[in-house]
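Take a look at the structure set out below.
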Amino acid sequence: MKERARRSRSPTIIDVAAQAGVSPMTVSRVINGRASVDPTTRASVQDAIDALGYTPNLAARSLVTSTELKIGVIYANPSAAFMSDFLTGVFEEASIRGARLILLKGEDGRPPSPAALENLVASGISGMICAPPLSESAAVLDVLRKARVPVAAVGAHDVDNVICVRIDDRLAAYEMTRELIAMGHHRLGFVVGNPDQVASLKRLDGFYAAVREHPGVRATIAQGDFSFASGLAAGDQLLQADPPPTAIFASNDDMAAAVVSVAHRRQLDVPRELTVVGFDDTTAAVMLWPPLTTVHQPVRRLAAEALGLLVAEIATPPRTPAKRADRVLDHEIVKRQSTSPPQDDATP
């Protein structure tokens with residue numbers, strides 16, 4: 001049975017790389033006779049090829065011999081507005097650097113299959129950039145670490161051997177909550193983002209940090225997942241409270257827009273009867289009435305910075321797994337027409 005299982009799948013370039021302890025690109029250089037490979041490394045790769053019985057696929061071989069810079073982009077974000085800004089930043093930076101992008105999307109918000117990831121790696125990519133929530137997905141990162149592919153992750157916090165580019169989510173949420181309290185709001189609602197993302201927990205922590213500084217403030221929490229649909233459910237839940245919040249802070253603009261929609265359906269005037277604020281400052285923030293006050297997260301710059309750092313890592317000899325790097329960009333609060341002081345003092 002074990003022999004049959006071994007024969008059910010031919011070894012791949014990723015298997016050879018894992019066996020030899022090198023990257024798939026190093027294996028491709030050995031296969032194609034490149035002189036840039038250290039003799040000891042070359043011998044290790046050849047031993048792995050012999051041990052596994054690996055035979056290069058001619059079609060795949062033609063791909064990995066290319067000298068162009070090829071970057072894989074993995075995403076499965078439910079926010080179309082966020083992904084629009086993210087991909088714009090990646091494409092603009094790739095154009096400047098002459099990099100070719102290969103996109104891989106996870107279906108229904110889930111990570112791509114391990115087989116899809118392995119096929120992408122085997123195509124000869126130089127590195128990978130991940131959009132949230134996949135930037136912290138163990139299923140994705142484990143495959144890429146095994147393949148020794150350099151990785152840059154946007155919006156990720158403290159991920160080993162990965163270039164992380166983000167803002168200070170906790171501080172941003174803290175500052176926005178302080179703004180609401182200074183405006184006179186003492187009954188606050190908060191819509192939490194995807195519970196599997198560290199950024200969601202950081203934003204919730206920042207919200208609570210501001211609330212704890214003001215004992216007279218009452219906070220009500222509803223769970224979302226960064227999608228518009230989850231914002232609708234969370235908005236309904238928060239506005240059914242007795243008494244309801246006078247201000248709701250949603251962890252992204254899509255959910256904040258959904259809260260505004262719920263308020264309109266309940267015939268509540270925004271902002272006179274309900275203040276609503278968001279996070280990200282995507283196009284969703286300005287495509288509804290009233291336009292949202294929100295935390296500006298420079299998504300395009302985050303994506304471009306991640307790609308730039310990834311390219312620098314790839315260009316640094318010798319080729320090793322991506323060094324741990326964190327880059328934190330500035331955020332700001334953008335004030336629009338979705339906020340106002342409460343009609344009363346909102347004291348509990």
Practice problem: Report, by residue number, each residue of segment 176-196 that is among the basic types (Lys, Arg) and part of a helix (DSSP H, G or I). | Solution: Arg178
Quiz item: Which residue pairs have Cβ atoms closer than 9 Å, lie 6 or more positions apart in sequence or on different chains, and pair a first residue in segment 218-234 that is closer than 18 Å to Leu201 by Cβ with a second residue that is part of a helix (DSSP H, G or I) and basic (Lys, Arg)?
Solution: none
Quiz prompt | Out of Gly184, Gly189, sole residue that is touching a residue at least 40 places away in the same chain (Cβ under 8 Å), surrounded by fewer than 20 Cβ atoms within 10 Å (Cβ to Cβ) and not acidic (Asp, Glu) | solution = Gly184
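Considering each residue of segment 141-157, count those that are charged (D, E, K, R) and either surrounded by 24 or more Cβ atoms within 10 Å (Cβ to Cβ) or closer than 18 Å to Val311 by Cβ (or both), and give that number. If you could, list the steps in order and put the result at the bottom.
So in segment 141-157, the residues charged (D, E, K, R) come out as 142, 145-146, 148.
This time we only want the ones that are either surrounded by 24 or more Cβ atoms within 10 Å (Cβ to Cβ) or closer than 18 Å to Val311 by Cβ (or both), so: 148.
Qualifying residue count for the region: 1.
Kindly provide the set of residues from segment 152-169 that are of a type in the set (A, V, I, L, M), assigned to a loop (DSSP other than H, G, I, E, B) and touching a residue at least 60 places away in the same chain (Cβ under 8 Å), ordered by number. Quick ask: steps written out before the conclusion?
Residues of segment 152-169 of a type in the set (A, V, I, L, M): 152-154, 156, 159, 162-163, 165, 167.
The next check asks that each one be assigned to a loop (DSSP other than H, G, I, E, B); those that pass are 156, 159, 162.
If the condition is that a residue be of a type in the set (A, V, I, L, M), assigned to a loop (DSSP other than H, G, I, E, B) and touching a residue at least 60 places away in the same chain (Cβ under 8 Å), then Val162 is the only one that fits.
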Quiz item: From Leu307, Leu288, which residue is without any contact (Cβ under 8 Å) to a residue 60 or more places away in the chain and among the aliphatic types (A, V, I, L, M)?
Solution: Leu288
Exercise. Mind listing whichever residues of segment 200-231 are touching a Ser or Thr at 6+ places or on another chain (Cβ under 7 Å), among the hydrophobic types (A, V, I, L, M, F, W, C) and modelled with pLDDT of 95 or more?
Key: Phe207, Ala210, Val211
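Tell me, yes or no, whether segment 175-193 has at least one residue that is modelled with pLDDT under 90 and not hydrophobic (A, V, I, L, M, F, W, C).
Our first condition is that a residue be modelled with pLDDT under 90; within segment 175-193, this holds for none.
No, segment 175-193 contains no residue that is modelled with pLDDT under 90 and not hydrophobic (A, V, I, L, M, F, W, C).
Identify, from the list Ala247, Ala234, Ala285, Ala257, the residue that is touching a helix residue (DSSP H, G or I) at 6+ places or on another chain (Cβ under 8 Å), within 17 Å of Ala173 (Cα to Cα) and modelled with pLDDT of 95 or more. Give the derivation first.
Working: Ala234 fails: within 17 Å of Ala173 (Cα to Cα); Ala285 fails: modelled with pLDDT of 95 or more; Ala257 fails: within 17 Å of Ala173 (Cα to Cα).
Only one candidate qualifies: Ala247.
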Self-check item: Matching option when the condition is buried (at least 24 other Cβ atoms within 10 Å of the Cβ), assigned to a helix (DSSP H, G or I), in contact with a Pro (Cβ under 8 Å, 6 or more places away or on another chain) and assigned by TED's automatic domain parsing to the domain that holds Val259, among Ala173, Ala199
Solution: Ala199
Quiz prompt | Residues of segment 299-348 classified as part of a loop (DSSP other than H, G, I, E, B), aliphatic (A, V, I, L, M) and either touching a Leu at 6+ places or on another chain (Cβ under 8 Å) or at pLDDT 90 or above (or both), total | solution = 1
Practice problem: Only one of these is hydroxyl-bearing (Ser, Thr, Tyr), out of contact with any Ser or Thr (no Cβ under 6 Å at 6 or more places or on another chain) and farther than 23 Å from Thr316 by Cα: Ser137, Ser126. Name it. | Solution: Ser137
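Of all residues being modelled with pLDDT of 70 or more, in a helix (DSSP H, G or I) and acidic (Asp, Glu) in segment 1-50, which is nearest to Pro150 (Cα to Cα)? Just the residue, please. Spell out how you get there, then give the answer.
Step one: filter segment 1-50 for residues modelled with pLDDT of 70 or more, giving 11, 15-23, 26-27, 30-31, 37-50.
From the residues that got through so far, the ones that are in a helix (DSSP H, G or I) too are 15-20, 26-27, 30-31, 39-50.
Applying the additional criterion that residues be acidic (Asp, Glu) yields 15, 47, 50.
Details: Asp15: 17, Asp47: 24, Asp50: 26 Å.
The extreme case among them is Asp15.
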Quiz item: Is there a residue being at pLDDT below 85, buried (at least 17 other Cβ atoms within 10 Å of the Cβ), assigned to a loop (DSSP other than H, G, I, E, B) and in contact with a Pro (Cβ under 8 Å, 6 or more places away or on another chain) anywhere in segment 79-86?
Solution: no
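Being in a strand (DSSP E or B) and farther than 18 Å from Leu292 by Cα is the filter here, so list the residues in segment 223-258 that pass it.
Taking segment 223-258 and keeping what is in a strand (DSSP E or B), we get 223, 247-250.
Of everything in segment 223-258, just one residue is in a strand (DSSP E or B) and farther than 18 Å from Leu292 by Cα, namely Gln223.
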Quiz item: Right, Pro271: in a loop (DSSP other than H, G, I, E, B), in contact with a Lys or Arg (Cβ under 6 Å, 6 or more places away or on another chain) and either within 30 Å of Val149 (Cα to Cα) or modelled with pLDDT of 90 or more (or both) or not?
Solution: no
Quiz item: So which residues in segment 93-149 are closer than 28 Å to Pro11 by Cβ, part of a helix (DSSP H, G or I) and touching an Asp or Glu at 6+ places or on another chain (Cβ under 8 Å), if there are any at all?
Solution: Val143
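The values are calculated or read from the model by the stated rules, or taken from the named source; none is laboratory data. Source: prediction; values computed, not measured. Backbone-built Cβ (ideal geometry, glycine too); neighbour counts: all protein chains shown.
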